[in-house]
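Since every read-out is calculated from the coordinates, none of them should be taken as a lab result. Every value quoted in this text rests on a predicted model; they were computed, and no experiment measured them. Neighbour counts are summed over all protein chains in view; Cβ atoms, including those assigned to glycine, are modelled from backbone coordinates with ideal geometry.
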Amino acid sequence: MSPSLTYKGVPVWRHTQVIQWTTQFVSGILVVVLVSWFAANMINAVQDREIPHGFSFLDREYQTPIGQHFLPYESSDTFLYAFIVAATNTLIVSIAGVVLATLLGTFIGIARLSGNWIISRIALIYVEFFRNVPLLVQLFFWFYIVLALPPVREGYVLADRLYLNNAGLSIPWLSVSGLGSSLGWIGLVVVAIVAGIVVHRWLVIREIRRGSAPDPLLMGIATVFVIGAVGWLVIALSSGTAPFTVSLPSPHGAFGRISDGFTMSGGLMALMLGLVIYTASFIAEIVRAGIQSVSRGQIEAARALGLSNARTLRQVTLPQAMRVIVPPLISQFLNLTKNSSLAGAIGFSDLTNVAKTMTQTAPAVSIFLMIMAAYLAMSLTYSLIGNLYNKRISIERR
Amino acid sequence: MAAEVRPVGNPPLPPPILERGVIGWMHANLFSTWFSGALTAVSCLVIGAAAIFGINWILFNADWSVIATLGGQLVIGQYNTELACPGQNCFWRPQVSVLLVTLILGMMWGLAGGGLPKRMGIAVAVILSAFALLPYSFERMGMDVRLLLGANIPALGIGWAIARYTPLGTSRNVALSAVVVFVAILLLVRGGPAIPGLEPVSVRHWGGLMLNLILAVGGIAFSFPIGIALALGRRSSLPVVKLLCVVFIEVFRGVPLITLLFMSQVLVPLAFPENFPQNSLFRAAIVITLFSSAYMAENIRGGLQALHPGQAEAARALGLPSWQTMLFISLPQAIRNVIPAIVGQFIALFKDTSLVYIIGMLDVVEISRAFIQGNPEYLASTKELFLFLGLVFWVFTYSMSYVSRRVEENLGVGRR
């Protein structure tokens, strides 16, 4: 007889599946109970205290001025339109900020890796300082610098083109004469770019087949410019129109107010300065880490194959570094977009600031749902673009 | 055995003068190519000009009196005003809190026996004591204040002695004391109606750097474990748990903190019954903590993803149950690998505490802004004030990243 080692099986409460399903069930129930308790309280509060709710306010007139805005706006416009104007402000600030911060950040990141000791030290100090000081402090600092600029009539003027004073910075800007006439021009740009891409592709294929060809990228860009210039001449000579006119800023009236051109208000200027300088310090570290992640052997192999310095950087180092750079870069773009919500502190009407003002005359719950939707939409768009790009450049496993 | 190889003929010549010593270093790092040389020359000129201008401005043109005028308000905000503390002096409470912190630093020094904790403790205690020597009149800064500030050096010593010569000197006890001290500081600063001598001070009057630090320490302490839980939840194989964690993380990461803070003041009170006890600071602290823990979760998830699966498999093969595998094998390695990201998040949290202006709290940034707004005669010295604030924040955040780099070195990240 074997000793009585009868296996009774695992008790029910220790079955993995039982544990897992109980955990899920309990946590699900807990969350549902909590959320419905909050919702019930909120509905009670709304009904008992007669707090306004719903979305009917959207058609009402907002009747509050918005500082600087990129879409045309009057105080008599509706809440919905004002919300869109504010969202556009945030969107434009974030896109311009992303482009400028990426340029500055890449520059500083490369400077960090410079063989020149002084340059790399300067870049290091830049990064360590601006990254470690709250953006709000930086924004206030820039805002007061802008406020301390001389008044409009005594402002700085550069060659009658740039005006810098405490009302902001005025720069020459393009003014498009009208959509009808611009369609032809947009067509021309599209044709030129498509032709450039075709030439680039063709040269790449030829290079792979024959082993030598003119630099595809250079020739592609040249094609775009040549077709663009020829097309411009042809259209301009045949119809006598131009794609745009340059609108120059100039002082007007008794107070020397600057009109025409494009004027960045002081708040917008401080916001852009702060956002770009702050975000660039993070982007610089990302770019540096990305470039350092490419193994030296790759660069040495490229040089051994006879690639020039520029081509090594463009076709060997950068494509590999991009894999490391892109995901954190996208999250910096998101941070910049979200950080632009500090604009309210320095008097620029971004989405959060306008929405905050709106809650004084409109139901807060609805406004908050709208802001959250707007920011989540922007975040998800950035993540989507980032993920698509990331998928395209990620390592192909063979 | 092979005989020692002796060099034949003349001893080798030293490397050329251009390749060694200071000149060699300069040749390699400053003038390696003509372009590099030009950069060096230009940047030296720029740095020189900036230095002359900067020193001139700092010493002669800048008006730093605004900082002296704000003085203690930068540190404690409106805490010791007649409004917050009617008919008594409450300044000793934050000061005793600081003494308690120094005590803990002393205990850490005693525990470690030297190195970084020693240097940090001494630096903090000496700097705090140095504030006792500020050239204020005794009207503005009394003897009691100076004595309490000066007591930081003995407090450090007492902490050191406690850790050295009493049973409190184990790492668990020191960590526990740190928690006790944090709670004690909250009680001390808040006070209570039942405690004689500690009249309650409404959280609306908390302010200055004290508020930033309390929010940051509390946020760091809670966002770390919550972040770990969320990261594990997001990697869980249970669909319901995973979904809940993903929604939580993405919503909190997708919306600006400032919007969440504002929401916490307008919407959250509605979500609780009318007579539910709440206060605005507590709500803000919770929002900051949850916001930060969503980011923390993503950092820790990154660390877990980067971990070789062999680690967990080996642990399972040795018979560890899955929770022990996670707790003792996977998590420690994952966290060690993402220390820079975690500390970066701590720093971001500390910087984000300046956003509480949106709910009307007077933290160190907002009290400065409000002061300038209320006293337009100081408008011209705003840049001095905010430069100073930037420097204050920088000292704290830079020390955090310095400590993290040292911790990383001690844990041998990148070496094993």
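Provide the convex hull volume over Cα atoms per residue for the protein assembly as shown, in Å³.
On the way: hull volume 271.6 nm³, N = 814.
In the protein assembly as shown, the Cα convex hull volume per residue is 334 Å³.
Mind checking the mean number of beta-carbon atoms from other chains within 10 Å of the Cβ atoms in B:387-400?
The per-residue average across the peptide is 4.
Which whole-number percent gives the relative contact order of segment B:285-345, counting Cα pairs below 8 Å spaced six or more residues apart?
Numbers: 35 pairs, mean separation 29.3, N = 61.
With pairs under 8 Å counted, the relative contact order is 48 percent.
Of B:ALA175, B:SER97, B:CYS85, which is farthest along the charge dipole of segment B:78-201 in the positive direction, counting Lys and Arg as +1 and Asp and Glu as -1 at C-beta?
The residue sitting most towards the positive pole is B:ALA175.
If you count, for each residue, the other Cβ atoms within 10 Å and average over each peptide, how do A:290-302, B:353-365 line up from highest to lowest? Walk me through the numbers on the way to the answer.
Working: A:290-302: 14.2, B:353-365: 23.2.
Output ranking for A:290-302, B:353-365: B:353-365, A:290-302.
Rounded to whole Hz and in sequence order, give me ³J(HN,Hα) for segment B:28-44 from the Karplus expression 6.51 cos²θ - 1.76 cosθ + 1.60, θ = phi - 60°, writing x for Gly and Pro.
Once θ is set to phi - 60°, the couplings for segment B:28-44 become 6, 9, 10, 10, 5, 10, 5, 5, 4, x, 4, 4, 4, 4, 4, 5, 4 Hz.
So for chain A, taking the charge dipole from beta-carbon charges (+1 Lys/Arg, -1 Asp/Glu), which of A:SER250, A:ILE197, A:LEU162 sits furthest toward the positive end?
A:ILE197
Just need the relative contact order of segment B:78-201 here, percent rounded to a whole number, with Cα pairs under 8 Å and 6+ apart.
This gives 33 percent for segment B:78-201.
Which FRET efficiency value, to the nearest 0.05, is calculated for A:ARG323 and A:TYR156 with the Förster distance at 45 angstrom and r the Cβ-Cβ distance?
Efficiency at R0 = 45 Å is approximately 0.50.
Calculate the mean, over all residues of peptide A:125-133, of how many other protein chain Cβ atoms lie within 10 angstrom of the residue's Cβ.
5
What value, in deg cm²/dmol to 500, does the helix sum -39500 (n - 2.57) over DSSP H runs of n ≥ 4 give at 222 nm once divided by the residues of chain B?
-21500 deg cm²/dmol
Of B:ALA194, A:VAL18, A:MET219, which is farthest along the charge dipole of the protein assembly as shown in the positive direction, counting Lys and Arg as +1 and Asp and Glu as -1 at C-beta?
Farthest along the dipole direction, towards plus: A:VAL18.
For chain A, give the magnitude of the charge dipole about the Cα centre (Cβ charges: +1 Lys/Arg, -1 Asp/Glu; no others), in debye to the nearest 20. Don't skip to the answer; put the middle values down first.
On the way: 26 positive and 16 negative charges, 397 e Å.
Using Cβ point charges on Lys, Arg, Asp and Glu, chain A gives about 1900 debye.
For B:TYR79, list long-range residues whose amide hydrogen, built 1.01 Å from N in the peptide plane, is under 5 Å from its own amide hydrogen.
The list, which skips near neighbours in sequence, is B:GLY207.
With 17 Å as the cut-off, how large is the P(r) tail for segment B:78-201, expressed as percent of Cα-Cα pairs?
61 percent
Going by amide H atoms built from the backbone, whose H comes under 5 Å of the H on A:PHE262, apart from near neighbours?
When sequence neighbours closer than 5 places are left aside, the close amide H contacts are A:ILE171, A:TRP173.
Quickly work out the B:ILE47-to-B:LYS242 label distance, labels modelled 7 Å from Cα along the C-beta direction, and quote it in nm with one decimal.
5.3 nm
Just to be sure I understand the rule: take each whole DSSP H helix in chain A, project its Cα atoms onto its long axis, keep it if the span is 20 Å or more and its mean Kyte-Doolittle hydropathy is at least 1.6. Which ones pass?
Both cut-offs are met by A:79-112, A:216-239.
Any idea how far the Cα center of segment A:26-88 sits from the one of segment A:199-227, in Å?
54 Å
Give me the percent relative contact order of segment A:316-398, please, defined on Cα pairs under 8 angstrom at least 6 residues apart. Kindly include the intermediate steps, with their values, before the conclusion.
Numbers: 36 pairs, mean separation 34.6, N = 83.
Relative contact order of segment A:316-398: 42 percent.
What whole-number distance in Å separates the alpha-carbon centres of segment A:311-329 and segment A:331-359?
32 Å
So if I take the centroid of the Cα atoms in segment B:334-350 and the same for segment B:220-237, what is the distance between those two points in Å?
14 Å
Among the Cys residues of chain B, which have no other cysteine Cβ under 4.7 angstrom away?
Singleton cysteines: B:CYS44, B:CYS245.
Treating the beta-carbon of each Lys and Arg as +1 and of each Asp and Glu as -1, no other charges, what is the dipole magnitude of chain B about its Cα centre, to the nearest 20 debye?
Dipole size: approximately 1140 debye.
Across the residues of B:255-266, average count of Cβ atoms on other protein chains within 10 Å?
6
Treating the beta-carbon of each Lys and Arg as +1 and of each Asp and Glu as -1, no other charges, what is the dipole magnitude of the protein assembly as shown about its Cα centre, to the nearest 20 debye?
Details: 52 positive and 34 negative charges, 621 e Å.
Charge dipole of the protein assembly as shown: 2980 debye, to the nearest 20.
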